[in-house]
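This report refers to the structure that appears directly beneath it.
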Amino acid sequence: MNAPLIGARIQRKEDYRFLTGAGQFTDDVALPGQTHAAFLRSPHAHAKIASLSIEKARQAPGVLAVYTGADLAAAKVGGLPCGWLITDVNGQPMKEPPFPALAQDKVRYVGERIAVVIADTAAQARDAAELIDVDYEVLPAVTEASRARGAAAIHDLAPDNTCYVWALGDKAATDAAFAKAAHVTRLDFVNNRLVPNAIEPRAANATYSRAEGSYTLYVSNQNPHVERLLMTAFVLGLPENKVRVVAPDVGGGFGSKIYLYPEDVVVTWASKQLNRAVKWTSDRTEAFVSDAHGRDHVTTAELALDKNGKFLALRVKTTANLGAYLSTFASCIPTILYATLLAGQYTTPVIYCEVTAVFTNTTPVDAYRGAGRPEATYVVERLVETAAREMKIDPVEIRRRNFIKSFPYQTPVALCYDTGNYEATLGAALDMADVGGFQKRKDESLRRGKLRGIGYACYIEACGIAPSNVAGSLGARAGLFEAGEIRVHPTGTVTVFTGSHQHGQGHETTFAQVVADRLGLAIEAVDIVHGDTSKVLFGMGTYGSRSIAVGGTAIVKALDKIVAKGKKIAAHLMEAAEGDIEYDRGVFKVAGTDKQKMFGEVAFAAYVPHNYPLDKLEPGLNENAFYDPTNFTFPAGTYVCEVEVDRDTGTTEVVAFTAVDDFGKVINPMIVEGQVHGGLTQGIGQALTEGCRYDEQGQLLSGSFNDYCIPRATDVPNFKLDTRETPCTHNPLGVKGCGEAGAIGAPAAVMNAITDALGVKDMPMPATAHAVWRSLQKKAA
């Protein structure tokens, strides 16, 4: 029997092909009759299209076609749908203005697609797009969420630019708790807008077969089945069985590749018009204005406490910027995935949150690594740290006084936490970070002319959105299950088909570990297939740290069926009763005897059924399963950050960062550490360097890496990482998810450390050197 694979530090199987340049991404796909598309995009944030002339572009060298919004409207191509319906405080559905794939009569943000040119080469298409003449009637623009209501209407359907006003919690009870509070801490802050910037820009390549009347779309996407469903059912009106969507190797996503984008629709539709394959690949400039952005909340939050620092109530009012249109899951990010996490790790008795979601003349906003959870954690942990300072209570102690200690725990904001041990992660983090030695380090920094601060964040997140029936009652327009298929070959090797999708997470290794461990195989004997709707059962893809908890459990349930059938076959081979067969990691045994059959022998017998009771047992060993979770999983942890600030320049350095997470059962610690490293780096980036800015005319000021600063390796320290384990109680693996944790907890930890170093109550993100220097000057004055 092989050594256990669950919990083993196994190098990623997929890395070899990536490191040797053998990966195949969408832009690598070259189809017969390949053509190339380029989009003309709006230079204005808000304008009517007075006239549009495409004749010069049509006559340009190599051009095969030019299409506009009028062409798509004439073909009855629908608008892009939103996947989650939010009902407002008055019981009315949210406002859902049309989202055309190509603009019709009006543009609403810089970068919106107006026309597409298709030519023999990408260069010819781009050159021809510049020949399109557009006469604009420029309109007033609004980019800030706080100014959207009352600004010029962006959509006729929402004259005050409000999509919905939504609330969660008991307002009356919350107000009453505030009325009797001994202390109230209040903060006003902006959770800064971010641009995802996956290493691979988006791409789409579509072809049409007249012989079969079918389409194939290769696309850089995180959930190909959802892409196909939305495009066929809501936009193009095609039979789903006539559309194949393939998401090959994908170079990162962070949520930005979950959605159905206009480019995907246009190239698919155009492939039939031309009977040629049509490819579009974004460049980085296009990505800045066309990939869905993240965050962008304006919030006022208050925490009520008694005289001993016990939390009495939390009151939050947020205005969320949705951008110009509703992206696929935009509506649920500042509501279902935000307000429900405002309890954090604490026993706050009552919470009330009100969210106003508004349209602005900016790129649509949707899920970005963490998706609502970072925003909630930032609210809670900045308040808790500030309250501790105001009440002169140690920040660690105030958390301990308010921790949830018994489970399951029903929060006042809908969620029920099944398990956790917040004291364990906090205690481990304090020891690893050597918090007891902080004062000595602070004094040493001061001798060098630096200000040193320490900050904490105790985060919780909800992963694997579930169950489908509950989510449906809250407005979800899709199921939230996952599918897995185990195909055992006659020689005992295995191919696994999963509806989850890998784009950097290491699924080809982690899922193979789960299967190989259960079947007693070498990990090399297990292959993972994903990303092709023609091969894989209908699945919901990868987002929200759901893959191992939901997709992995679907695979485990299929494995259960494999083992159950294997027992029947083994019983026949060993002439024993099925009830006497025991199974353990690849070995079928007859209880109380030395008789046994290895998994490979049973697999071979399944496909070579000599002397086989075919009337009772069908040949083959191939099973599938669908899994719909009964609850979210709830990863949690404690982060401790130390920073040094240069008083003369405002330059801030993260000099130490400790993260102790509870991800439940860990399948591959090395992969988990990599995920945490990436999340922490993105979280530090939000806190220190990244900020998406528009001017008053709606022009993107941070539209390239010259102006939008993602963190470099030199911007982060050597992280100290560890885990504590409280297994999830409602999935067989006991796993919770790890992909977003770092990005959720890091911003609050960093900003708590900076405000501690500066001795100020608040500091806006990103805390650039200039912003920190100004804060120091203001304090000195």
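Annotations
- For the stretch 479-525 and the stretch 10-67, distance of Cα centres in Å: 33 Å
- Shape of the stretch 481-627, Cα gyration tensor, a/c cut at 1.5: prolate
- Each of Ala123 and Ala3 was given a label point 7 Å from its Cα along the Cα-to-Cβ line. The distance between the two points is 5.5 nm.
- Check: the stretch 481-627 dipole with +1 on Lys, Arg Cβ and -1 on Asp, Glu Cβ, in debye: 140 debye
- Rolled with a 1.4 Å probe across the full set of protein chains, the surface gives Thr542 an accessible area near 10 Å².
- DSSP H segments from the chain that extend 27 Å or more along their own axis, Cα-based, with Kyte-Doolittle mean of -1.0 or above: 552-573, 669-688
- For the stretch 600-666 and the stretch 327-381, distance of Cα centres in Å: 25 Å
- For Asn2, net neighbour charge (Lys/Arg +1, Asp/Glu -1) across residues whose Cβ lies under 14 Å away: -1
- Positive end of the dipole of the chain (Cβ unit charges, origin at the Cα centre): among Phe178, Thr232, Tyr409, the Cα lying farthest that way belongs to Phe178.
- Expressed as a whole percent, the accessible surface of the stretch 1-133 that belongs to carbon and sulfur atoms is 51, based on a 1.4 Å probe.
- Kirkwood Rh, angstrom, the chain [1 / mean 1/r, Cα pairs]: 27.7 Å
- 5 Å-binned pair-distance histogram of the stretch 565-690 (Cα, whole percent): 2, 8, 13, 11, 8, 7, 7, 8, 7, 6, 6, 5, 4, 3, 2, 1, 0, 0
- Of the chymotrypsin sites (Phe, Trp or Tyr not before Pro) found in the stretch 628-722, the ones in coil according to DSSP and having at most 14 other Cβ atoms within 10 Å of their Cβ are Phe705.
- Share of carbon and sulfur in the accessible heavy-atom surface of the stretch 403-447 [1.4 Å probe, %]: 54 percent
- Phi angles of the stretch 238-247 translate, via the Karplus equation with coefficients 6.51, -1.76, 1.60 and θ = phi - 60°, into HN-Hα couplings of 9, x, 4, 6, 9, 10, 10, 10, 10, 9 Hz per residue; Gly and Pro are given as x.
- Toward the positive end of the charge dipole of the stretch 481-627, with +1 on the Cβ of Lys and Arg and -1 on the Cβ of Asp and Glu, the farthest Cα among Gly484, Gly544, Ser500 is that of Gly544.
- The helix-only estimate of mean residue ellipticity at 222 nm for the chain, built from DSSP H runs of length n ≥ 4 each weighted as -39500 (n - 2.57), is -8000 deg cm²/dmol after division by the residue total.
- Under 13 Å from the Cα of Lys180 - aspartates and glutamates, other chains or at least 8 residues apart: Asp306
- Extents of the stretch 209-266, taken as max minus min of Cα coordinates on every principal axis and listed largest first, are 36, 22, 17 Å.
- Reach of Lys595 by Cα under 29 Å, taken over lysines that are not fewer than 8 positions away in the same chain: Lys557, Lys561, Lys565, Lys567, Lys568, Lys616
- Residue-wise HN-Hα coupling along the stretch 580-595, computed from phi with Karplus coefficients 6.51, -1.76, 1.60 (Hz; x: Gly, Pro): 8, 8, 10, 9, 8, 6, x, 10, 9, 10, 8, 4, x, 10, 9, 6
- Loop-located trypsin sites (Lys or Arg not before Pro) across the stretch 690-736 with a Cβ neighbour count of 11 or fewer within 10 Å are Arg712, with loop assigned by DSSP.
- For Thr723, distant residues with modelled amide H under 5 Å away: Asp661
- Compared with the rule-of-thumb size 2.2 N^0.38 Å for a compact globular protein, the stretch 174-277 has a Cα radius of gyration ratio of 1.68.
- Percentage relative contact order, the chain, counting C-alpha pairs under 8 Å, at least six apart: 16 percent
- Summary of the geometry: the stretch 125-148 and the stretch 684-707, compared by the centres of their Cα atoms, lie 19 Å apart.
- Among Asn611, Thr510, Val526 - extreme Cα towards positive end, dipole of the stretch 481-627, charges at beta-carbon: Thr510
- Candidate cross-link partners of Lys779 among the aspartates and glutamates, defined by an alpha-carbon separation under 19 Å and a same-chain spacing of 8 or more, comprise Asp188, Glu390, Glu644, Asp646, Asp648, Asp756, Asp762.
- Considering only the chain, percent of DSSP beta bridges that pair antiparallel, nearest 5: 80 percent
- In loop segments of the stretch 297-367 as defined by DSSP, the trypsin sites (Lys or Arg not before Pro) with at most 15 further C-beta atoms inside 10 Å of their C-beta are Lys307.
- Whole-percent carbon and sulfur share, accessible surface of the stretch 481-627, 1.4 Å: 50 percent
- On a per residue basis, the stretch 390-454 carries 49 Å² of accessible surface, using protein heavy atoms and a 1.4 Å probe.
- P(r) histogram, all alpha-carbon pairs of the stretch 581-628 included - 10 Å bins from 0, percent: 22, 42, 31, 5
- Ordering of 255-266, 91-102 by packing [mean C-beta count within 10 Å, highest first]: 255-266, 91-102
- Surface analysis of the stretch 545-689 yields an accessible area of 38 Å² per residue, using protein heavy atoms and a 1.4 Å probe.
- Overall shape of the stretch 690-755 was characterised from the C-alpha gyration tensor. The equivalent ellipsoid obtained from it has semi-axes of 35, 17, 12 Å, in decreasing order.
- With 27 Å as the limit, the listed pairs Lys442/Lys778; Lys310/Lys761; Lys392/Lys440; Lys95/Lys736 have Lys95/Lys736 beyond it between alpha carbons.
The values are calculated or read from the model by the stated rules, or taken from the named source; none is laboratory data. Please read these numbers as outputs of a predicted model, since none were measured by experiment. Neighbour counts are summed over all protein chains in view; Cβ atoms, including those assigned to glycine, are modelled from backbone coordinates with ideal geometry. Side chains included, ligands, DNA and RNA excluded: accessible areas come from the protein's heavy atoms. Shrake-Rupley method; radii C 1.70, N 1.55, O 1.52, S 1.80 Å.
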